[in-house]
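The values are calculated or read from the model by the stated rules, or taken from the named source; none is laboratory data. Just so it is clear, the model here is predicted, and its values are computed rather than measured. Note that each Cβ is placed from the backbone with ideal geometry, even for glycine, and that neighbours are counted across all protein chains shown.
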Amino acid sequence: MPSILAGKMQPMQVMILCGGMGTRLREETEFRPKPMVQIGGRPIVWHIMKHFAQHGMHQFILCLGYKAEVIKDYFLRYEESNNDFTIALGSNRKVTYHQAHAEQAFEVTLADTGLDTMTGGRVQRASRYLKETPFIVTYGDGLADINLDDLVRFHKSHGKLATVTTVRPPSRFGVLELDEAGAVRCFVEKPQLDGWVNAGFFVFERRVLDYLGDDASCVLEREPLERLARDGQLVAYRHHGFFQAMDTYREYRLLNDLWNEGKAQWKTWG
């Protein structure tokens, strides 16, 4: 299928799940939603969007829930926060911006999908804003250096309804190999595990919506993905590069340390 595999893919809409409460990161999420927790002085969702934009994807649908107003306010004030400007006061109020920030091409749809809605329900509720098929769904708290062009080509090549990006996670602990007497033959600090886990970065054909139903309690990662797998419609894209979710305060500190040390592998933009 050379017409599919050759050259750049057409830009896609990107749906980002931003509605969870982030209870395991309560130190940072008590007053703001997790996608607004800052890495290097910018919300983590901004980092995610910048990576997609580097691959020509500028149309975003943010599925909001917990503290939705914080995310709405951030984007409503984006111009004022990221430019110098001159404001003429009074009845002829006028604002003139003096720089063009790098996010000029971004188109961001902010969809309030409900406080207690689960992931599948959020995708279904925000689907009214989809224009194209296929589309991408990802989480608002995971950073990666995935080659998104390769991911989309892979999805197009297999012809199934859904692609999920998978990674091999590192163990949280060092692994020891012992002999019968208890002597340590080998010690490996936090090795990669043999299994593959869901990293998000899904590519979905529109027919995937039929697997979600209309229930706010629909969890994307359970019955819908399980049924897609049973139907032979789910294929895994293996990512061997950087991936890190921000689920805990330790992971929040890790990502900030990587950024501050110039080791942020997910920073694919200039």
Exercise for review: Answer yes or no as to whether Arg122 is within 16 Å of the chain's Cα centre (by Cα) and basic (Lys, Arg).
Suggested key: yes
Practice item. Give me the pairs, please: first residue somewhere in the range 30-59 and under 17 Å from Val108 (Cβ atoms), second residue anywhere and in a helix (DSSP H, G or I) and aromatic (Phe, Trp, Tyr), beta-carbon distance under 7 Å, and either six or more positions apart or on two chains. Key: Met36/Tyr74; Pro43/Tyr74
Check your understanding: Which of the residues that make up the range 118-145 are touching a helix residue (DSSP H, G or I) at 6+ places or on another chain (Cβ under 8 Å), closer than 16 Å to Pro35 by Cα and part of a strand (DSSP E or B)?
Key -> Val137, Thr138, Gly142, Leu143, Ala144
Revision key, fill the gap. Filtering the range 191-222 down to residues that are farther than 18 Å from Tyr139 by Cα and of a type in the set (Asp, Glu) yields Asp194, Asp210, Asp214, Asp215
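Each row is one residue, and each column tells you yes or no for (1) at pLDDT below 95; (2) closer than 15 Å to Phe52 by Cβ.
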position: Val95; (1), (2): yes, no
position: Glu103; (1), (2): yes, yes
position: Leu110; (1), (2): no, no
position: Thr113; (1), (2): no, no
position: Gly121; (1), (2): no, no
position: Thr133; (1), (2): yes, no
position: Asp150; (1), (2): no, yes
position: Phe154; (1), (2): no, no
Check your understanding: Restricted to the range 94-117, and to residues that are part of a loop (DSSP other than H, G, I, E, B) and acidic (Asp, Glu), which residue is surrounded by the fewest Cβ atoms within 10 Å (Cβ to Cβ)?
Key -> Asp116
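Among Phe75, Phe31, which is farther than 30 Å from Lys156 by Cα, among the aromatic types (Phe, Trp, Tyr) and assigned to a loop (DSSP other than H, G, I, E, B)?
Numbers: Phe75 fails: assigned to a loop (DSSP other than H, G, I, E, B).
Every option except Phe31 fails the conditions.
Residues are listed down the side, and each one gets a yes or a no for (1) at pLDDT 95 or above; (2) among the aliphatic types (A, V, I, L, M):
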| residue | (1), (2) |
| --- | --- |
| Gly182 | no, no |
| Cys186 | no, no |
| Asn198 | no, no |
| Phe202 | yes, no |
| Tyr211 | yes, no |
| Ala216 | no, yes |
| Glu223 | no, no |
| Glu226 | no, no |
Revision key, fill the gap. Selection over the range 34-55 where residues are touching a strand residue (DSSP E or B) at 6+ places or on another chain (Cβ under 8 Å) and not in a helix (DSSP H, G or I) yields a count of 2
Check your understanding: Any residue at all in the range 64-76 that is buried (at least 20 other Cβ atoms within 10 Å of the Cβ), within 14 Å of the chain's Cα centre (by Cα), charged (D, E, K, R) and within 25 Å of Met21 (Cβ to Cβ)?
Key -> no
